[in-house]
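Bear in mind these aren't lab numbers, they're just calculated from the coordinates by the rules spelled out. Being a predicted model, the structure only gives us computed values, none of them experimental. Note: ideal-geometry Cβ built from the backbone for every residue, glycine included; neighbour counts use all protein chains shown.
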Amino acid sequence: MDDVLQVIMKRRSVRKFTGEPVPREKIITALKAAMAAPSGMNRQPWSFVVVTNKETVAALCQAHGHAAFGVNAGAVILPFGKKVGEKWFDQDMAAATENLLIALANLGLGATWCGMDDSRQGAIRPLVGLPKDQFVFALIPVGIPAEEKAPRTQYDTKRIHWEAYRPGD
Ligand SMILES: Cc1cc2nc3c(=O)[nH]c(=O)nc-3n(C[C@H](O)[C@H](O)[C@H](O)COP(=O)(O)O)c2cc1C
């Protein structure tokens, strides 16, 4: 199989980490992949906070509500940006976030996309000094994996409608 397809299927949500630090060079490489993403009118609404300080990593993962597994991750990456007035914000940020995750998997790192909605902003933003006009799109614990997950597709023919939608297809 093509190398890119293999890595896409290798990307799984990894929630167990050794606790070792994540090499900065690898994070930079993954951020280059994130910023290669397409965006509406190429506005690139993304920025990223990268946290490696152990106490802050743990505090962020606890504060999120569904990311406590990440307390001993080597890093947390927070894709963020100004959402107001950016028509394609969610789609652009999702494209960058998925690129980031695929690149991290390719570099042998484990990570999980933890969703951020309006209700979680107030708990996360102050921990990294983000002002209120910035929206944190995801919280991503990153680390050296301490678990292995099998690569897989979730290919399902029932979800495919060739040429046009047919109910019951
Ligand atoms: C928008 C979004 C929000 C998610 N939020 C969480 C989360 O808060 N905590 C968590 O442990 N996993 C979270 N996940 C990871 C999903 O549970 C995971 O992607 C899904 O179970 C499929 O497994 P896989 O990533 O290994 O393919 C989220 C994924 C997405 C795309």
Could you list all residues from the stretch 98-151 that are under 24 Å from Ala36 (Cβ atoms) and polar (S, T, N, Q)? Asn99, Asn106, Thr112, Gln134
For Tyr155, state whether it is among the aromatic types (Phe, Trp, Tyr), at negative phi, within 16 Å of the ligand (Cβ to nearest atom) and assigned to a loop (DSSP other than H, G, I, E, B). yes
Tell me, yes or no, whether the stretch 67-89 has at least one residue that is in contact with a Gly (Cβ under 6 Å, 6 or more places away or on another chain), surrounded by fewer than 17 Cβ atoms within 10 Å (Cβ to Cβ) and under 30 Å from Gln6 (Cβ atoms). yes
Got at least one residue in the stretch 95-102 being loosely packed, with under 13 Cβ neighbours inside 10 Å, within 13 Å of the ligand (Cβ to nearest atom) and assigned to a helix (DSSP H, G or I)? no
Selected residue (criterion: surrounded by the most Cβ atoms within 10 Å (Cβ to Cβ)) from residues of the stretch 116-169 that are acidic (Asp, Glu) and free of Cβ contacts under 8 Å to residues at least 40 places away in the same chain: Asp169
Breaking point among (1) within 14 Å of the ligand (Cβ to nearest atom); (2) surrounded by fewer than 18 Cβ atoms within 10 Å (Cβ to Cβ); (3) small (Gly, Ala, Ser), for Ala105: (2)
